[in-house]
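What follows is a single structure, written as structure tokens, with notes after it.
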Amino acid sequence: GGKNRRGSRRHGGSSAAEDERFAETRRRSEAINSYVDLIPARYYLASDDPAVLANKGSWDPAKTKTTSQIVADAAAAAVQSAAENATEGAAAGGGGGAAAAGGAP
């Protein structure tokens, strides 16, 4: 067939419809962030979280991060920490294959 299949343009660049979907996603994300920013970060994260502590005590609005930025920084730090722990665990444990995942050796 000569049928035009859904997703066939993926490698040829984005279409106007895809651009509009991305723009809509960005608008929704901005709306969610504006609501998240209404609540202090200490209600989302522990008060002793490094991301919260790094932003505490700054009265300069140019240096202060929004709640959504603090939460995003904390999430990125958690992902990085998990990746480092997985790498260290794999190196110490010899890789981890099926036996490490709970499967048969």
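The values are calculated or read from the model by the stated rules, or taken from the named source; none is laboratory data. Every value quoted in this text rests on a predicted model; they were computed, and no experiment measured them. Neighbour counts run over all protein chains shown; Cβ positions are idealised from the backbone, glycine included. All accessible areas refer to the heavy atoms of the entire protein, side chains included, with ligands and DNA or RNA removed. Shrake-Rupley method; radii C 1.70, N 1.55, O 1.52, S 1.80 Å.
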remark   = Within segment 30-66, residues being in contact with an Asp or Glu (Cβ under 9 Å, 6 or more places away or on another chain), of a type outside the set (Lys, Arg) and in a loop (DSSP other than H, G, I, E, B) number 1
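For the subset of segment 8-29 comprising residues that are of a type outside the set (D, E, K, R) and assigned to a loop (DSSP other than H, G, I, E, B), which member is modelled with the highest pLDDT?
The residue in question is Ser15.
Give me the residue from segment 70-89 that is at pLDDT 80 or above and not hydrophobic (A, V, I, L, M, F, W, C) and, out of that set, farthest from the chain's Cα centre (by Cα).
Here the answer is Glu88.
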message = For a quick check of your reading of the model, give me the residue pairs whose first member lies in segment 60-82 and is without any contact (Cβ under 8 Å) to a residue 60 or more places away in the chain and open to solvent by 60 Å² or more (accessible area, probe 1.4 Å), whose second is of a type outside the set (Phe, Trp, Tyr) and assigned to a helix (DSSP H, G or I), with beta-carbon atoms closer than 6 Å and at least 6 apart or on different chains.
response = Lys65/Asn55; Asp73/Ala51
task = Scan segment 36-62 for residues that are more than 12 Å from Asp73 (Cβ to Cβ) and among the β-branched types (Val, Ile, Thr) and report the count.
result = 2
message = Yes or no: segment 90-104 includes at least one residue that is at pLDDT 85 or above, open to solvent by 70 Å² or more (accessible area, probe 1.4 Å) and not charged (D, E, K, R).
response = no
remark   = Only one of Asp37, Asp60 is touching a helix residue (DSSP H, G or I) at 6+ places or on another chain (Cβ under 7 Å) and of a type in the set (D, E, K, R), namely Asp37
